[in-house]
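Everything on this sheet refers to the single structure shown next.
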Amino acid sequence: MENTNEYLFNYRGYNFERALIDIEFLKNIEDFEIRDDDVFIITYPKSGTIWTQQILSLIFYEEHRNGTENIKTIDRVPFLEYNIHHLEYAQRPSPRLFSSHIPYYLAPRGLKSKKAKMLYIYRNPKDVLVSFFHFSNLVSLLEASDTIEHYMETFLDGKVVGSRWFDHIKGWYEHRHDFNILFLSYEEMKKDLRNSVLKLSKFFDKELSEEDVDAVVIQASFEKMKSDARANYDVILSDEIGTRNSDGRFLRKGTVGDWKNHFTVEQSERFDRIFHKNMKDFPLKFIWDLNEE
Ligand code: A3P
């Protein structure tokens with residue numbers, strides 16, 4: 001264990017958010033008891049976690065779909081390693097839904113024996129970088145950066161929560177056979193949310209009627225989530241985590257290709273070179289812009 005800086009806590013080579021992490025929990029994370037019907041969303045930060053939390057919560061909880069229950073998404077699909085509301089995980093009824101940013105090598109042993117179903121959501125890293133840049137400038141618990149140029153260096157060096165993007169996705173993908181895990185991209189969800197919902201309900205064996213699927217798609221849209229206090233984390237950001245700017249939102253833009261509005265040509269080419277060097281022969285496809293399809 002080493003102290004990285006005032007914002008980051010490094011445990012076994014991976015950076016966690018210092019103020020939110022429970023170190024004792026982390027030390028025992030591999031022994032965390034997994035149930036056969038647990039469900040895990042795994043993401044690198046800013047890849048669509050909050051969106052997927054909402055989608056899975058809508059798929060799994062009828063009361064969420066039909067609006068008869070008023071529970072925040074974060075309490076339906078809490079973060080394994082950031083238990084900000086101090087929920088009693090062991091007392092939760094099955095099926096339990098969790099989200100997590102952990103690297104593959106810190107996964108609870110039960111996941112490695114394929115007990116639970118897992119979903120890895122990935123996003124093109126240029127958009128991840130831009131989203132993370134804005135989020136880091138918004139949230140008081142993260143280190144702010146003055147420019148994209150500066151942030152790109154920090155991001156590529158892995159001096160951020162989640163460490164190096166390349167290591168996170170490659171680690172999970174290369175060890176995918178140890179887990180019961182489905183890979184799905186943010187861009188695929190953006191391109192065809194309905195089809196993605198169908199894919200997910202099939203993977204998780206949740207049979208949904210056409211009407212149910214419609215209800216999930218409508219309530220998981222960017223605009224709907226932005227105005228839904230249970231889904232948009234506005235209160236968590238303002239009252240629990242703290243922001244530097246009261247206008248900022250977790251749901252910022254929600255598009256594919258926003259990096260084009262932020263990167264210079266030189267920065268984009270530099271990023272491409274580093275991407276190709278690190279991701280050579282990596283089989284998953286990345287979508288950098290929906291128009292290029
Ligand atoms: P942007 O900053 O590019 O807008 P995470 O939840 O992993 O931190 O990811 C946050 C990113 O997902 C933000 O990206 C946010 O706007 C986007 N997002 C959240 N809900 C979304 C939705 N319903 N549709 C599309 N994007 C969404």
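The values are calculated or read from the model by the stated rules, or taken from the named source; none is laboratory data. Only a predicted model underlies this, so the values are computations on that prediction, with no experimental measurement involved. In this analysis, Cβ positions are derived from the backbone assuming ideal geometry, glycine residues included, and neighbour counts consider all displayed protein chains.
Taking Pro283 and the conditions (1) in a loop (DSSP other than H, G, I, E, B); (2) touching a helix residue (DSSP H, G or I) at 6+ places or on another chain (Cβ under 6 Å), which numbered condition does it fall short on, given that it satisfies the others?
Going through (1) in a loop (DSSP other than H, G, I, E, B); (2) touching a helix residue (DSSP H, G or I) at 6+ places or on another chain (Cβ under 6 Å) one by one, Pro283 breaks only (2).
Residue check: is His134 within 11 Å of the ligand (Cβ to nearest atom), under 23 Å from Lys224 (Cβ atoms) and touching a Lys or Arg at 6+ places or on another chain (Cβ under 9 Å)?
Taking the combined requirement at face value, the residue satisfies it.
Just checking, how many residues over the range 62-75 are closer than 26 Å to Glu187 by Cβ, surrounded by fewer than 24 Cβ atoms within 10 Å (Cβ to Cβ) and not hydrophobic (A, V, I, L, M, F, W, C)?
Here the count works out to 2.
Leu138 fails exactly one of the following numbered conditions: (1) over 26 Å from Tyr11 (Cβ atoms); (2) modelled with pLDDT under 95; (3) surrounded by 21 or more Cβ atoms within 10 Å (Cβ to Cβ). What is the number of that condition?
(1)
Give the residue that is nearest to Leu20 (Cα to Cα), with candidates limited to residues of the range 237-280 that are of a type in the set (D, E, K, R), more than 19 Å from the chain's Cα centre (by Cα) and outside any helix (DSSP H, G or I).
Within the range 237-280, the match that is nearest to Leu20 (Cα to Cα) is Arg244.
So Asp146 passes all but one of these: (1) acidic (Asp, Glu); (2) farther than 23 Å from Glu6 by Cβ; (3) free of Cβ contacts under 8 Å to residues at least 12 places away in the same chain. Which condition number does it fail?
(2)
Can you list the helices (runs of 4 or more DSSP H) found entirely within the range 180-231 that contain at least 3 residues being more than 25 Å from Asp258 (Cβ to Cβ)?
The qualifying helices (runs of 4 or more DSSP H) are 193-203, 210-219.
Does at least one position in the range 70-87 carry a residue that is charged (D, E, K, R), touching a helix residue (DSSP H, G or I) at 6+ places or on another chain (Cβ under 6 Å), within 26 Å of Phe222 (Cβ to Cβ) and free of Cβ contacts under 8 Å to residues at least 40 places away in the same chain?
Step one: list which residues in the range 70-87 are charged (D, E, K, R), which gives 72, 75-76, 81.
Filter once more, so that each one left must be touching a helix residue (DSSP H, G or I) at 6+ places or on another chain (Cβ under 6 Å): 76.
Going one step further and asking which of them are within 26 Å of Phe222 (Cβ to Cβ), we end up with 76.
From what is left, the residues that are free of Cβ contacts under 8 Å to residues at least 40 places away in the same chain are 76.
For the range 70-87, residues charged (D, E, K, R), touching a helix residue (DSSP H, G or I) at 6+ places or on another chain (Cβ under 6 Å), within 26 Å of Phe222 (Cβ to Cβ) and free of Cβ contacts under 8 Å to residues at least 40 places away in the same chain: present.
Considering only residues that are loosely packed, with under 13 Cβ neighbours inside 10 Å and not aliphatic (A, V, I, L, M), which ones fall in the range 76-104?
The answer is His85, His86, Glu88, Gln91, Pro93, Ser94.
Mind checking which pairs have a first residue in the range 158-180 that is in contact (Cβ under 8 Å) with a residue 60 or more places away in the chain and a second that is of a type in the set (Val, Ile, Thr) and surrounded by fewer than 21 Cβ atoms within 10 Å (Cβ to Cβ), Cβ under 9 Å, 6 or more apart or different chains?
Every condition considered, the pairs that remain are Lys159/Thr4; Val160/Thr154; Phe166/Ile274.
Quick one: Phe9 ticks every box in (1) surrounded by fewer than 21 Cβ atoms within 10 Å (Cβ to Cβ); (2) under 20 Å from the mean Cα position of the chain (by Cα); (3) more than 20 Å from Leu251 (Cβ to Cβ); (4) not aliphatic (A, V, I, L, M) except a single one, so which number is it?
The number of the failed condition is (1).
All but one of (1) buried (at least 23 other Cβ atoms within 10 Å of the Cβ); (2) farther than 30 Å from Leu156 by Cα; (3) modelled with pLDDT of 95 or more hold for Tyr120; which doesn't?
Result: Tyr120 passes all but (2).
Kindly indicate whether Glu63 is within 16 Å of the ligand (Cβ to nearest atom) and of a type in the set (Asp, Glu).
no
Taking only the range 168-183 into account, find how many residues are of a type in the set (Val, Ile, Thr) and under 14 Å from Pro283 (Cβ atoms). Explain how you work it out, then say what you get.
Taking the range 168-183 first, the residues of a type in the set (Val, Ile, Thr) are 169, 181.
Checking which are under 14 Å from Pro283 (Cβ atoms) leaves us with 169.
So the answer is 1.
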